[in-house]
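See structure below.
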There are 4 protein chains.
Amino acid sequence: MKRSIRTDLAMEAREMVQEQNQIDIPGVKSETVTADEDITITRVEVVSPLGEDNIGKPIGNYITLEIPGISDGDKQYEEQVKVHLANEIRRLVQLNDNSLVLIIGLGNWNVTPDAVGPKVVEKVLVTRHIFEYVPEQVDERMRQICAVAPGVLGITGIETGEIVKGIVDRVKPDLVIAIDALASRKTSRIGNTIQVADTGINPGSGIGNKRMGLTKETLGVPTLAIGIPTVVYAHTIGRDSLEMLLTELVDQATNNNNFTQLLNGIDEEHLDCLVGEVLTEALGDLVVTPKEIDLLIDDAAGIIADGINLAIHNGLSLEDVSRYLH
Amino acid sequence: MKRSIRTDLAMEAREMVQEQNQIDIPGVKSETVTADEDITITRVEVVSPLGEDNIGKPIGNYITLEIPGISDGDKQYEEQVKVHLANEIRRLVQLNDNSLVLIIGLGNWNVTPDAVGPKVVEKVLVTRHIFEYVPEQVDERMRQICAVAPGVLGITGIETGEIVKGIVDRVKPDLVIAIDALASRKTSRIGNTIQVADTGINPGSGIGNKRMGLTKETLGVPTLAIGIPTVVYAHTIGRDSLEMLLTELVDQATNNNNFTQLLNGIDEEHLDCLVGEVLTEALGDLVVTPKEIDLLIDDAAGIIADGINLAIHNGLSLEDVSRYLH
Amino acid sequence: MKRSIRTDLAMEAREMVQEQNQIDIPGVKSETVTADEDITITRVEVVSPLGEDNIGKPIGNYITLEIPGISDGDKQYEEQVKVHLANEIRRLVQLNDNSLVLIIGLGNWNVTPDAVGPKVVEKVLVTRHIFEYVPEQVDERMRQICAVAPGVLGITGIETGEIVKGIVDRVKPDLVIAIDALASRKTSRIGNTIQVADTGINPGSGIGNKRMGLTKETLGVPTLAIGIPTVVYAHTIGRDSLEMLLTELVDQATNNNNFTQLLNGIDEEHLDCLVGEVLTEALGDLVVTPKEIDLLIDDAAGIIADGINLAIHNGLSLEDVSRYLH
Amino acid sequence: MKRSIRTDLAMEAREMVQEQNQIDIPGVKSETVTADEDITITRVEVVSPLGEDNIGKPIGNYITLEIPGISDGDKQYEEQVKVHLANEIRRLVQLNDNSLVLIIGLGNWNVTPDAVGPKVVEKVLVTRHIFEYVPEQVDERMRQICAVAPGVLGITGIETGEIVKGIVDRVKPDLVIAIDALASRKTSRIGNTIQVADTGINPGSGIGNKRMGLTKETLGVPTLAIGIPTVVYAHTIGRDSLEMLLTELVDQATNNNNFTQLLNGIDEEHLDCLVGEVLTEALGDLVVTPKEIDLLIDDAAGIIADGINLAIHNGLSLEDVSRYLH
């Protein structure tokens, strides 16, 4: 049974397959380390076309940081997360002192759960204009960063990928890092799972509508994607509830052939249909978020921005970054 | 089977009871009129304690305007809705030329789906200070309005009801109108159903946490409540999906005693439990909203504010209100 | 005496020269019409290099709409302004049914007086993606519009002109319209003067810092600029106050040679210096705005966006635009 | 010559008198200490009615912290400022373990330079509801704090003082702390001077319009005021420029009787008139702010909130506060 439930997290995609098959997935490698108390890092590598087929994600590296403690407001924990995020980013990119990095903050700054990308753009320490116009003010630990929030198709009338391609052709960065708000499958991941992938952004991923990807193929330069789940689609909640009940009923119906037959006859399309009757999506996508999503988005953007600041600049501390940002 | 699913709409409460019983509900009167194309008005009156028990809402009048066309951006339709809302408000209040009306905008202005009350406060034409300090500037069609957004318990540390009681005792209005964001049961109602009730606000209603009501009993003056659904609880989506499946299975299992017995043995608590496994509410209430909730809230606040402006002021047109607001 | 006081309005630049010389300015044509009650339109044309030198603005057309009634909230007046703005825009551009127009919203969406450009981007009816992806939904009165808010140098690290050039090269519009917040010389113009110029945006104009222009020369396509004053530099207030006093003293000192000599000896640099002692610009540019600037910016953006909507789309009414925007 | 220039800072009022008289001011005591590098604390005490007359501020204590380093983004410096602010607050208040403190955030949350009060309300660690509803979760170092942002007259139609009086009568705090955005005389003070006064808020102070004070007399409980300059009135800039020029001219005109006479004949009213011609206040108060005022207001609110958190709670660290706020 193939599922229609959408997740942007490779880790979840892998889990969804694995929980059905109970075996290792051919073409997909995976390791999990506990980096610090309450920080778990999972590195999934899709190594072959077989792996691509199996979990529905392109060949490449997908690193996930699970940081459940992030909502406690513990500053020290927050700093540890930023340092680990920076380390994982560095694993996937190769830079030298003259490298120029372009940060792309995807999403709509007026739609709270979609605003994490634009907010990262505002919190990243951009320096390209200092190198260009006031080189004497460059701190030798800085590398060149620039950053753009291109907006979304509904506001611009232009595919985000086209805008980014235009800017990349003009600015000629050595690396693009695209930040995006993601949809996950579990509400427990909202705001506390960060995914870093060297495959870039693929069409249709993230919580906005994207028809064109941001990848090395489309942009012509290595493209890293950093994402954080900010919503679960309401449809997912309905589907998961139904499957939990069905699983249970199947377990209990072992001695009742008619019943088992009936239950097995319920196909995925029918379940989607049932949920569709509960959810009227006349107003566009229905999403599930914590009520206090605004604060969560701010925190998430701060962590990702500082992870990037530590990873790209060559030795600036968080203190330094804060000073330069003012 | 009593349901745990939460709705703040009397109309939905009545429907939930009725769809199970297929009969009129003792103690509850109800009439529905089509006011204009695409505007339906339902007036529910709970007339007795029996009615209270039956639908779980106190004795009083509950008027609901269903305005599905509101998301189309048709200005003429919007004006019709405002006029009908004003008419329904006037049905439930008695004012004279010296009456003072206090608008209370409940909710948290930083939490988008909860901000409708504070936004109404900003869009209502307040006039009390004109009567008090520059009476020569009073337009004779104006009545005295004042308006406060008291904030929420988590930010103030004070029960909203206490703050309002303090202000009422000081300002001595003849009528309180409290505006609140509601939770409905169906996503199709979000942003396009308005409820006006002369029972005030009851403890625990609305999407914030309220422990104390705002009613004639607590405040000492007649209290009207105007609410608009801005969220459905994620839990409701899960529960509704499960019940839709169960209903279907029960229908199909008519000739299978064991199966029927099994299905009937699944109680409400167990269903809540299943949904609870899908939803991790570690981050607080999980709510379902359209992704573009910000715009919807603005529109909703504008309609409610103008409905009040037309209802309370005695002959001001929407043009007049717009001019005075600038 | 050449002035250091900055204005982005050609009309003011012309007036500043004229009030000193009391004669027509060679190389500059000018006509003023009263378009409707309380709407005055001034069309300045710089026709020669001499004119450029005289008022410090490049050869081209500069149309100014003075709309002092705009702060009264009169909807009918607002619509008249939008229609006149649309007419003046049409005077300066030549489009056919297949033309593609790119709107550029200059400025920083986080800095209230600089946010008018990005806000126009959100209120313009973009249609390019409809032509591209769902051509069957195109209303035949629509023309192709797309729109981008590129951000500011301090946030992106990239010259705005470079970002725009990259997008123009990719999207290939037939016309660029750049929207910018301006600095005027008089506080009385804030929010109620709109300038349309076919010369594009010149380096250093507007209230942000721009080092590179947006003109036909830099972008390769005709570029219209629409601007509205949202601030007066605090320095201007100080300088204007001083000059008013000096003018008065000079008048009164006609019979006193020493005094006249003394007053005439005060040069511009010295006046700047005096004002500089009053204003400490340690925190960046000091600007003068009405305290209620937020509302004013919203209104201004709405008028400019609708002026563009009426001018570019070929027969859509304001009602149509509102419906399509939802 | 008495000045019309408005300042809300007692320190500036004292300086304005002193620079004219060059002597100590009868009825006013003053001491200045350097608390840390780049933190200067001035404690002005108005001790008698004579002092009141002399500097135009009521009898009481006015403590000013000058913190010019605050815009550098140095976290350590920021913490020092918070600790010093807390110490100065403690000098002026007497609390015991059962004391209840009510924070009042004055100003309009929609008007950026006026939003500092409401923002402090959101950043203060309120605890009263924990003591009331979940006393078992009370940390023994907490004291009871509650907080309200009552809005402004133009939005509520009710004098702020009346709303606060209503809440005070109901909630019965032992101390009120009112936070307000101030107007200063010098742009160099914007955002980097904090005033703490045990005289409360006087009518007409702050940048909003207040007709009624918040003082021990009106509220019935001790009332502390904490303010931070966020604007200078544009009028002040004009007036200061003129006076700087006049002072200079008077110096240079010592041997020219006619001239001296002429200059001395220019009275204050006339200067106001000259500036009035430069400034058209049709749109309401014109204020001077740094263009990046939004960020500055956020920082200011954070410092004041944490100063209060450290001063009122009895031993909570900034780390603790951050943790509890999440």
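The values are calculated or read from the model by the stated rules, or taken from the named source; none is laboratory data. From a predicted model like this one, the values you see are computed outputs, not experimental measurements. Every residue, glycine as well, gets a Cβ built from its backbone with ideal geometry; the counts of neighbours run over all protein chains shown. We work out accessible area using only protein heavy atoms, side chains counted, and drop any ligands, DNA or RNA first. Shrake-Rupley method; radii C 1.70, N 1.55, O 1.52, S 1.80 Å.
Residue count for the range C:59-82 satisfying the condition of being part of a helix (DSSP H, G or I), within 16 Å of C:L318 (Cβ to Cβ) and either without any contact (Cβ under 8 Å) to a residue 60 or more places away in the chain or small (G, A, S) (or both): 4. The single condition from (1) surrounded by 19 or more Cβ atoms within 10 Å (Cβ to Cβ); (2) within 11 Å of chain A (Cβ to nearest Cβ) that C:Y133 fails is (1).
Looking across the range A:83-97, not a single residue is more than 27 Å from A:T193 (Cα to Cα) and either open to solvent by less than 70 Å² (accessible area, probe 1.4 Å) or in contact with a His (Cβ under 9 Å, 6 or more places away or on another chain) (or both). Against the list (1) outside any loop (DSSP other than H, G, I, E, B); (2) of a type outside the set (A, V, I, L, M, F, W, C); (3) over 30 Å from D:T32 (Cβ atoms); (4) more than 12 Å from chain B (Cβ to nearest Cβ), the condition D:G161 fails is (4). Among residues of the range B:315-326 that are within 14 Å of C:D72 (Cα to Cα), none has a beta-carbon under 6 Å from a residue that is open to solvent by 20 Å² or more (accessible area, probe 1.4 Å) and among the hydrophobic types (A, V, I, L, M, F, W, C) at least six positions away or on a different chain. Selection of the range A:116-130 for residues being closer than 17 Å to A:G315 by Cα and more than 7 Å from every other protein chain (Cβ to nearest Cβ) yields A:V124, A:L125. Condition check: within 14 Å of chain C (Cβ to nearest Cβ) and small (G, A, S). Does B:S241 satisfy that? No: the conditions fail for B:S241.
Consider C:K119 carefully, then state whether it is more than 17 Å from C:L182 (Cα to Cα) and either outside the structural domain of C:D306 (by TED's automatic domain parsing) or in contact (Cβ under 8 Å) with a residue 24 or more places away in the chain (or both). Here the answer is no, as C:K119 does not meet what is asked. For the range B:59-76, taking the residues that are modelled with pLDDT under 95 and open to solvent by less than 40 Å² (accessible area, probe 1.4 Å), the one that is farthest from B:M11 (Cα to Cα) is identified as B:G73. Taking the criterion of being of a type outside the set (V, I, T) and closer than 20 Å to B:E292 by Cα, the residues of the range B:67-83 that qualify are B:P68, B:G69, B:S71, B:D72, B:G73, B:D74, B:K75, B:E78. Within the range B:288-315, being charged (D, E, K, R) and either part of a helix (DSSP H, G or I) or outside the structural domain of B:I177 (by TED's automatic domain parsing) (or both) holds for B:D294, B:D298, B:D299, B:D306. Among the residues of the range A:98-130, those identified as of a type outside the set (G, A, S), open to solvent by less than 10 Å² (accessible area, probe 1.4 Å) and in a strand (DSSP E or B) are A:V101, A:L102, A:I103, A:I104. Which one is modelled with the highest pLDDT, of the residues in the range C:135-149 that are within 22 Å of C:N96 (Cβ to Cβ) and of a type in the set (V, I, T)? It comes out as C:I145.
Can you find a residue in the range C:210-221 that is more than 21 Å from the chain's Cα centre (by Cα) and surrounded by fewer than 21 Cβ atoms within 10 Å (Cβ to Cβ)? Yes, the range C:210-221 contains a residue that is more than 21 Å from the chain's Cα centre (by Cα) and surrounded by fewer than 21 Cβ atoms within 10 Å (Cβ to Cβ).
Looking at A:R143, is it open to solvent by 10 Å² or more (accessible area, probe 1.4 Å) and more than 9 Å from chain C (Cβ to nearest Cβ)? So A:R143 fits the description; yes.
Among what's in the range D:40-55 and is within 17 Å of the chain's Cα centre (by Cα) and open to solvent by less than 60 Å² (accessible area, probe 1.4 Å), pick the residue that is nearest to D:N87 (Cα to Cα). Ranking the qualifying residues of the range D:40-55, first place goes to D:I41.
Each row is one residue, and each column tells you yes or no for (1) in contact with an Asp or Glu (Cβ under 9 Å, 6 or more places away or on another chain); (2) surrounded by fewer than 16 Cβ atoms within 10 Å (Cβ to Cβ); (3) more than 9 Å from every other protein chain (Cβ to nearest Cβ); (4) acidic (D, E).
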residue: D:G265; (1), (2), (3), (4): no, yes, yes, no
residue: D:V288; (1), (2), (3), (4): no, no, no, no
residue: D:K291; (1), (2), (3), (4): yes, no, no, no
residue: D:A305; (1), (2), (3), (4): yes, no, yes, no
residue: D:I312; (1), (2), (3), (4): no, no, yes, no
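For the range B:176-203, filtered to residues that are more than 12 Å from the chain's Cα centre (by Cα) and away from chain D (no Cβ under 14 Å), the residue that is least open to solvent (accessible area, probe 1.4 Å) is B:T187.
Within the range C:95-109, the set of residues being touching a residue at least 40 places away in the same chain (Cβ under 8 Å) and of a type in the set (S, T, N, Q) comprises C:N98, C:S99, C:N108.
When the residues of the range A:222-238 are narrowed to those that are open to solvent by 10 Å² or more (accessible area, probe 1.4 Å) and within 11 Å of chain B (Cβ to nearest Cβ), which ends up nearest to B:S241 (Cα to Cα)? Checking each candidate, the answer is A:H235.
For residues that are under 22 Å from C:V101 (Cα atoms) and not assigned by TED's automatic domain parsing to the domain that holds C:I63, tally how many sit in the range C:207-257. Looking only at that region, the number is 0.
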